1. Would you please list the contacts, defined by Cβ atoms under 9 Å and residues six or more apart or on different chains, that run from a residue in segment 32-55 that is at negative phi to a residue that is part of a loop (DSSP other than H, G, I, E, B) and basic (Lys, Arg)?
2. Given the criterion surrounded by 13 or more Cβ atoms within 10 Å (Cβ to Cβ), within 30 Å of Phe162 (Cα to Cα) and at pLDDT 95 or above, identify the matching residue among Val19, Val42, Val14, Val73.
3. Within segment 140-170, track down each residue that is touching a Lys or Arg at 6+ places or on another chain (Cβ under 7 Å) and farther than 28 Å from Ala125 by Cα.
4. From the list Asp182, Asp149, which one is under 28 Å from Pro45 (Cβ atoms) and touching a Ser or Thr at 6+ places or on another chain (Cβ under 6 Å)?
5. Looking at (1) part of a loop (DSSP other than H, G, I, E, B); (2) farther than 22 Å from Asn37 by Cβ, which one does Pro84 not meet, given that it meets all the others?
6. Return the pair list, or none, for Cβ contacts closer than 7 Å from residues in segment 146-163 that are under 17 Å from Thr18 (Cα atoms) to residues that are part of a loop (DSSP other than H, G, I, E, B) and of a type in the set (S, T, N, Q), at least 6 apart or on different chains.
7. Do we have Ala113 as free of Cβ contacts under 8 Å to residues at least 60 places away in the same chain, crowded, with 18+ Cβ neighbours inside 10 Å, within 18 Å of the chain's Cα centre (by Cα) and assigned to a loop (DSSP other than H, G, I, E, B) here?
Amino acid sequence: MSDLSAFAESIWIVDGPTVRDMGVMFTARMTVVKLCNGSLWVNSPVPVGSATLERIIELGPVGYLVAATPRHVWRLAAWHKLFPEAQVWAARPTPFTLENGKLPFTGILGDLAPEGWADNLDQLAFKGNPLIEEVVFFHKRSRTVILDDLIQVHPILEGRPFRNVLIRLGGIACPHGGVGLDIRLSFIRRNLARQSLRKLLSWDFDRLVIAHGPCIEKNAKAFVEQAFRWLAR
């Protein structure tokens, strides 16, 4: 696990432990945004050490715990125990939703940002996929897009030939990465997906936070356009 790192104005990231999903090991990352009201918005929380937790608490009160993809809902449970007063929000449930116990959800994420963070973050539910409807966020002030599973970039590891083949075949290998083949194939309503992509690309962003792979600190819109080139075919 790594420490809290500043990424952009009012945005911090923390890399968590490696997790296994569908037999493949993934890096994990959470994003912390300080809202203009002083509270913290935490997306896809990960386990952290006591020193990192203290640093986060020093930034402000944790007001919102968010899982923007069905695959990350299980990660909310531990942080809800730490911050029971925080609102809990998750993406629309699908057959791929991973949960860890019952949580008192404040609401389901969609295209309209809740009042609590609407002044800071715009959002859209990336539609067209019945298995994974991820919600993507745009931090207006820092021109940063925050997403979780849609775009991934995984390193090629020495001594892991089978994994490396899967990563390459999936189209998510370093240095370019992209939208994984399994996710691409499950977008069965391409017209809806293209509408979502147009909304995403209408945002004036230059940075990109992703959960699985290195974040992009400049020219992020071109990177996103390249990752979704398959959708334009």
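1. Listed pairs, sorted by first residue: Cys36/Arg141.
2. Of the residues listed, the single one that is surrounded by 13 or more Cβ atoms within 10 Å (Cβ to Cβ), within 30 Å of Phe162 (Cα to Cα) and at pLDDT 95 or above is Val14.
3. Leu157
4. The unique qualifying residue is Asp149.
5. Answer for Pro84: the failing condition is (2).
6. Asp148/Ser44; Asp148/Thr69; Asp149/Thr69
7. Against the criterion (free of Cβ contacts under 8 Å to residues at least 60 places away in the same chain, crowded, with 18+ Cβ neighbours inside 10 Å, within 18 Å of the chain's Cα centre (by Cα) and assigned to a loop (DSSP other than H, G, I, E, B)), Ala113 qualifies.
Residue by residue, here is whether (1) under 18 Å from the mean Cα position of the chain (by Cα); (2) on the phi > 0 side of the Ramachandran plot holds:
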residue: Glu99; (1), (2): yes, no
residue: Leu103; (1), (2): no, no
residue: Gly128; (1), (2): yes, yes
residue: Ile146; (1), (2): yes, no
residue: Gly177; (1), (2): yes, yes
residue: Asp182; (1), (2): yes, no
residue: Leu192; (1), (2): no, no
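The values are calculated or read from the model by the stated rules, or taken from the named source; none is laboratory data. Just so you know, these numbers come straight off a predicted model, no measurement behind them. Ideal geometry is used to build each Cβ from the backbone, glycine not excepted, and the neighbour counts take in all protein chains shown.
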